[in-house]
Amino acid sequence: MKLKGLFIAILLVFVTACGAKEETSPAPKKEELEKITVANWSQPITEATNLLVDENKGFFKEKGIDLTVIPGAGGGDAIKNVLSGKADIAFTDPGSLYFALDQGEKVKVIYNIYPQNVFNVVSLKEKNITKPEDLKGKTIGVYSLTSGTRQNLLVLLHKAGLSESDVKIVETGISNFAPLMQGQVDATAATDTGLYLGKQKGLGDVNVMEVKDYLNIPSDVFVVTEQTYEEKKDELQKFIEAYRNSAEWMLGNPKEAATLAKTYAIDGKDEKVNLEIIKLRNASSVSLETEERGLGAIDSVVLQEGADTYQQLGLVKNKLDLSKVVSGELMEDEEK
């Protein structure tokens, strides 16, 4: 009888243990990714390769983000897609940011994508245009009258005490180095990557005035609405962490990025060209500020100087207070 009782007791312990194990060890649930949509200012192009390769590299998936990037036709388009709710984050330029703020939109800047101003004004050596003052009375090409090339040209003129009325500005389209080479314009406003591509197409010796030497406002920033900022702080912080990782990868692995651009960028057919464009964009991603505070660090003083200059030029009507718009909180939380 004693043996029989002992056997039953052991059996009960075994069954109870198995039951407990089943109760405390449910099948693990697959973690769902949080959806984040970025409204880009452009089509998927080589210079933004790090934002396009998550299928291959998984920077965002590793942080629990299901990333979608929708194309646009300029920074203003990116802002509109965010304001309309089609996207969470705008990949946009300061000018478009200033215009939105001037119209009373409630937005926040959460990351400085390219702290270096990549705009320039280019002229053939024979024109002997070496400083902004030399542009007086000249015909200057811009991509379009609503583009960053025009806005930055006006900034350059303003710094030299000139205004739009002192020059003749004409729209030449994105391929604006052809009119320069053909003598239809004396100078043309462009970007660093545009200048590189122009040289590949036969542009000869030129003088280049870098707008950053006169006002080094960022070329692009990430912008969200105040509502998204308050409601999705966790997701936005994860996005910033992932984007930083992707930017660091492209800085450290430009050749790999150039290879992947052949698959993911619409202009990425030539790997050698991809590499040069990526090198240029990598250079615009870093600054003294980012060396001290990490990639994406935002200098509100510089953005304020840009806003003040835009008001002086008449591009915006109202005095803008960027200290209420710029937020480094999400990056500070990441550092902690």
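Our helix-only sum for the chain, with -39,500 (n - 2.57) per DSSP H run of n ≥ 4 divided by its residues, gives a mean residue ellipticity at 222 nm of -13500 deg cm²/dmol. Extent of the stretch 22-123 along its three principal axes (Cα atoms, max minus min coordinate, largest first): 73, 34, 21 Å. Cross-link partners of residue 61 among aspartates and glutamates, defined as those whose alpha carbon lies under 14 angstrom from its own and excluding same-chain residues fewer than eight positions apart: 31, 32, 34, 235, 241. Dipole magnitude for the chain: about 680 debye, using +1 per Lys or Arg Cβ and -1 per Asp or Glu Cβ, origin at the Cα centre. Could you tell me whether the stretch 238-336 comes out rounded, prolate or oblate from its Cα gyration tensor? Rule is a ≥ b ≥ c as square roots of the eigenvalues, rounded for a/c under 1.5, then prolate if a/b exceeds b/c, otherwise oblate. Since a/c reaches 1.5 but b/c is at least a/b, the shape of the stretch 238-336 is classed as oblate.
Shape descriptor for the stretch 88-165: Rg over Rh equals 1.04 (Cα atoms; Rh from the Kirkwood inverse mean 1/r).
Volume per residue of the convex hull around the Cα atoms, evaluated for the chain, comes out as 163 Å³. Across every pair of non-identical alpha carbons in the stretch 202-248, the mean reciprocal distance, once inverted, gives a Kirkwood radius of 14.3 Å. If you line up the long axis of helix 148-159 against the longest principal axis of the chain, both from Cα atoms, how many degrees apart are they, to the nearest 10? Roughly 60 degrees between the two axes.
Summarising the amide proton neighbourhood of residue 107: residues at separation of 5 or more, or on other chains, whose placed amide H is nearer than 5 Å comprise 226. For the stretch 168-276, the Stokes-Einstein estimate of translational diffusion at 20 °C and a viscosity of 1.002 mPa s comes to 123 µm²/s, using the Kirkwood hydrodynamic radius over alpha-carbon pairs.
Of the solvent-accessible surface of the chain, computed with a 1.4 Å probe and all protein chains present, 51% belongs to carbon and sulfur. For the residues 63, 125, 80, a GNM of the chain with alpha-carbon springs under 10 Å puts the largest fluctuation on 125.
Taking each of 63/255; 199/279; 138/159; 168/199; 86/319; 63/324 in turn, the alpha-carbon distance tops 20 angstrom for 63/255; 168/199; 86/319; 63/324. Stokes-Einstein diffusion of the stretch 122-213 at 10 °C, 1.306 mPa s viscosity, Kirkwood radius from Cα pairs, rounded to a whole number: 124 µm²/s. DSSP bridge analysis restricted to the stretch 122-213 gives an antiparallel fraction near 40%, rounded to the nearest 5. Report the net charge of residues surrounding residue 205, where surrounding means a beta-carbon distance below 12 angstrom and charges are Lys +1, Arg +1, Asp -1, Glu -1. That sum, taken over residues with Cβ under 12 Å, equals +2. From the alpha carbon centroid of the stretch 280-315 to that of the stretch 54-128 is 13 Å. Taking only Cα atoms, what is the 0 to 90° angle, nearest 10, from helix 233-252's long axis to the longest principal axis of the chain? In the chain, helix 233-252 runs at an angle near 60 degrees to the longest axis.
The values are calculated or read from the model by the stated rules, or taken from the named source; none is laboratory data. Not measured: the values here are computed from a predicted model. Cβ atoms come from the backbone with ideal geometry, glycine included; neighbour counts cover every protein chain shown. Surface accessibility is based on the protein's heavy atoms, side chains included, excluding ligands, DNA and RNA. Shrake-Rupley method; radii C 1.70, N 1.55, O 1.52, S 1.80 Å.
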